[in-house]
Amino acid sequence: MPRFVAAFFWPAASLARGRAACRAGRQYDNGLLVLVIALVTPTRSCHVDSGGLMRVLLVGATGLLGTEIKRILEPQHEVITASRKGSDVSVDLSDKASIVAMFGEAGKVGAVVCVGGAAKFAPLDSLGDDDYAFSLANKLMGQVNLVRCAVGHVDEGGSVTLTSGTLAQQAMVGGAAVSIVNAGVEGFARVAALELEGKLRVNVVSPGWVAETLQSMGQDPSQGIAAADVARVYKRAIDEPITGQTLLAAKS
Ligand SMILES: NC(=O)c1ccc[n+]([C@@H]2O[C@H](COP(=O)([O-])OP(=O)(O)OC[C@H]3O[C@@H](n4cnc5c(N)ncnc54)[C@H](OP(=O)(O)O)[C@@H]3O)[C@@H](O)[C@H]2O)c1
């Protein structure tokens with residue numbers, strides 16, 4: 001497979017600065033206008049594929065975002081779909097053994113994208129112990145275990161892209177469990193990217209409200225970002241030589 005290696009050979013001081021920027025930076029993306037808030041400086045270990053065929057394992061492929069991501073990747077890549085039902089490979093993110101089995105079945109891949117997993121949205125006074133346990137085991141530990149299990153199953157310089165959501169930063173009534181999960185995913189990814197440098201790139205996409213979701217909830221879809229625009233942000237996380245980033249995909 002043709003492979004472009006983005007190698008930057010920095011003097012020691014600027015290498016350290018570049019690594020910090022690459023890991024800690026945050027990008028904001030509304031589909032058309034990309035406002036790069038932080039200096040994004042790829043480290044010498046940020047490898048990127050040149051655009052050739054890659055095997056991409058897409059977890060949560062049957063959902064709203066998964067369907068759009070599959071559509072946008074398929075012309076260029078082989079997409080292996082995964083979810084609890086109706087995909088090429090069956091996986092339950094809340095069950096680590098199931099994630100191990102999924103990687104065994106899928107074989108080596110160039111990229112993993114996760115838009116699967118759930119967290120409970122409900123006000124504080126109705127969130128029970130089970131709701132917190134469910135949320136932590138599902139969308140948070142599911143994605144943490146996905147990265148842990150991906151090591152050795154993803155080509156060197158390949159990527160894992162996780163999903164958080166704007167409730168990582170924003171407060172909303174009913175969002176307590178979701179905020180814990182989303183902030184946890186982003187924090188974990190920053191450290192995983194640091195420790196897996198040279199082996200695996202780890203990034204997060206943080207979607208805002210998606211227009212199609214708002215519509216299905218009977219709300220004004222013009223307040224949200226189209227699922228197709230969110231999908232393009234996931235593609236950037238695969239294609240660009242970045243690691244340790246959270247890419248915001250929200251309507252500006
Ligand atoms: N849509 C929005 O407005 C929005 C906004 C911010 C963040 N997000 C986040 O973006 C992600 C995707 O959202 P979406 O709207 O595309 O969700 P969705 O339409 O509900 O799709 C979820 C996908 O994940 C799979 N899934 C659910 N639980 C799973 C599990 N335990 N193990 C494996 N697969 C599982 C589902 O298939 P199965 O049920 O067959 O497993 C489905 O393929 C979620 O993390 C969500 O929190 C969405």
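Rule-based calculations on the coordinates, nothing more; no lab input. Bear in mind that the values here come from a model prediction, so they are computed numbers and not experimental data. Counting neighbours? That spans all protein chains shown, and the Cβs are built from the backbone with ideal geometry, glycine included.
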Per-peptide average of other Cβ atoms within 10 Å, ordering 177-188, 108-119 highest first: 108-119, 177-188
Given charges at beta-carbon only (K, R positive; D, E negative), |dipole| of the range 107-234 in Debye: 340 debye
Distant-in-sequence amide H partners of D155 (H built 1.01 Å from N, under 5 Å): V109, G110
Protection-proxy order for peptides 120-127, 150-157, each taking the mean of Cβ atoms within 10 Å per residue, highest first: 150-157, 120-127
HN-Hα J in Hz across the range 163-169 - Karplus 6.51, -1.76, 1.60, θ = phi - 60°, x for Gly and Pro: 10, 10, x, 5, 5, 4, 10
Integer Hz, Karplus 6.51/-1.76/1.60 couplings in order for the range 97-109, x for Gly and Pro: 4, 5, 5, 4, 5, 4, 5, x, 6, 6, x, 5, 10
Centroid-to-centroid separation of the range 125-167 and the range 61-106 [C-alpha atoms, Å]: 14 Å
Approximate spin-label separation A118-R148, in nm, with each point projected 7 Å along Cα-to-Cβ: 2.3 nm
